[in-house]
Structures are given as structure tokens and as C-alpha cells.
1. Which one, Asn110, Gln132, Leu121, is farthest towards the positive end of the dipole of the stretch 81-134 when Lys and Arg carry +1 and Asp and Glu -1 on their Cβ?
2. Roughly how many whole Å is it from the C-alpha centroid of the stretch 16-55 to that of the stretch 228-255?
3. What's the magnitude of the charge dipole for the chain around its Cα centre, counting Lys and Arg as +1 and Asp and Glu as -1 at the beta-carbon? Answer in Debye, nearest 20.
4. If the cut-off is 21 Å between C-alpha atoms, which lysines fall inside it for Lys239, apart from same-chain ones fewer than 8 positions away?
5. Could you compute the FRET efficiency for Ala136 and Val107, with r as their C-beta to C-beta distance and R0 at 22 Å, rounded to 0.05?
6. Give me the percent of accessible area attributable to carbon and sulfur for the chain, probe 1.4 angstrom.
7. Under a 10 Å cutoff between Cα atoms, tell me which one of His187, His95, His149 has the largest fluctuation in the Gaussian network model of the chain.
8. Mind running the shape call on the chain? Use the C-alpha gyration tensor, a ≥ b ≥ c as the square roots of the eigenvalues: rounded below 1.5 for a/c, prolate if a/b tops b/c, oblate otherwise.
Amino acid sequence: MRKFFIAGNWKMNLLRDSSVALVHQLMDQLQNTSSVDVAVCPPSVYLHDVGAALRGSPIQLGAQNVHHATEGAYTGEISCAMLNDLGCRYVILGHSERRAIFGETDVDVNVKLHAVLKAGLTPIVCVGETLQQREAGETQQVVRGQCTHSLSGLTNEQMAKTVLAYEPVWAIGTGKTATPAQAEEVHADIRKLLATTFSGSVANAVVIQYGGSVKADNAMELLGQPNIDGALVGGASLKSDSFLAIVQAAAKIKK
Ligand code: PEP
């Protein structure tokens, strides 16, 4: 049985004081939502402070990126061991901003994914098509290609532990959201692909989040789709009210 998973991707927003204040608000206002896993992914420089503020809370800590190597001469980079040391549980991999701005490829994502799983962290692997690709009718081909290459070489057990996030690039930070039907179509197709590449039970176990302008007023409809198991939330995760409204929407829906 899959559990809803709502994660906030703070991107390069908030300074230390506002990060810690947000976490305190989330902890104060989070009601009984044991049916929902919740995580926040602050900028790496604040993982320590946010992690300390979260201690004892059900809200988990996640990072926005990681380097695949265990250690060494990689100026500016952060290893999985460092994330473990800071109490992280999750790592976002292959976010469309990392792909578009920093040139990350499916191969890069795959190398990181293996390192993350080996380190015992839970990856959130992002996939999604651009507007141009959607308009050209290439969504299925693009998303299937990203999944196939990013997830290459995983065992069934590793795949079952991996979270996927379908994030149409045209819906990220734009205020445009995929309709529940558009999102469900892609989620169902990803699950179909997982069933053929791995197994039916693995496909059934994998949590697939939707991301792209998820807000309080569209969360319920999106999360109500059978193959949508949560949300990766950008903008709306920067305020406690809007983030918690999405968590509450998930809590109201029976999986
Ligand atoms: C994201 O950054 O993953 C995202 C989905 O952002 P937003 O919710 O702001 O569209």
C-alpha cells in the first residue's frame, strides 16, 4: 500500500532565520496526518539548522542535490555521507532546473541515484517534458526515456525504495498545472513502464509524486487520482499555510 508523500522544495529561497521560523510554524500547525509522509528540502547550507529545528518531529529532511562521489577533490560539492551526517532522509535528483540550468543528464542522475541508494538515502527522481515536447506529442516518449535511463541498473528492491516525481517543466513555477487527467495519464504510464521493466509488485509499490504549481486549491483533485501519490511542491512550500493545506488535502483522501 502506498502512502501519500508531500515534499517541499525550497530551492534557493529563504535565509536561516526564515527557514527555521517556517519549520517551527509547520511543526506547530501540522495536525494528525500520520497517513501522509512530509519532508522539507532547504538549501544545503541550512540543512543543519533546519534539521536541528525538526528534531523529534515527523517532518523529514531532504536535500536538493548531491554529488555521486564518496569524497575527494570536488570543490563546492556535497556527498551522500555528508547528507546522512546531517540527518537527511531524502535527496531530490534530476530536478528540471538542474537538468536545464546545470546540464544534468539522465546518465548523471543515474550515477547519483546509485550512490544515494548505496548510502541508504531515499531518492526523489524527477522527470517531465517541456511544453515544446508536449505540443509535439512527445510526452510519453520523453518521460519513458528519462525513466529508463535514469533508473537503469536498479534492482527491484532498489526501485521499490525510489520515489519518482512527474513534473511537467511547463508547469513548474508558472502557475499552470497539468489537469488531473493529464497528470494521471503520465503517472499511469510510468507505472506501466515500471511493471514491464521491474515487476507488477514493484510498480505498485513505487510512490510517484506530481509536481508543477501544486497549490491548496488544486491539490485535492490532483491527489485524488489513482496513480498520484503525493506532491513535490515549490512555491507553495515557502509558506506554512499553503504547504500544510496540501498536506491536509492528502490526509483527507483515503489511498
Ligand atoms: C518544483 O520546484 O519542483 C515545483 C514543482 O515548483 P512549483 O510548485 O513552484 O511549480
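1. Farthest towards the positive pole: Leu121.
2. Cα centroid to Cα centroid, the span is 14 Å.
3. Details: 21 positive and 23 negative charges, 99 e Å.
For this selection, approximately 480 debye.
4. Straight-line reach from Lys239, under 21 Å: Lys11, Lys176, Lys215, Lys252.
5. Values: r = 23 Å, r/R0 = 1.07.
Here the calculated transfer efficiency is 0.40.
6. Numbers: 6100 of 11650 Å².
Carbon and sulfur atoms account for 52 percent of the accessible area of the chain.
7. Top of the fluctuation ranking is His149.
8. On the way: a/c = 1.43, a/b = 1.10, b/c = 1.30.
Verdict is rounded for the chain.
The values are calculated or read from the model by the stated rules, or taken from the named source; none is laboratory data. As the structure is a prediction and not an experimental result, all values here were calculated from the model. All Cβ positions, even for glycine, are placed from backbone atoms using ideal geometry, and neighbour counts span all protein chains on display. Surface accessibility is based on the protein's heavy atoms, side chains included, excluding ligands, DNA and RNA. Shrake-Rupley method; radii C 1.70, N 1.55, O 1.52, S 1.80 Å.
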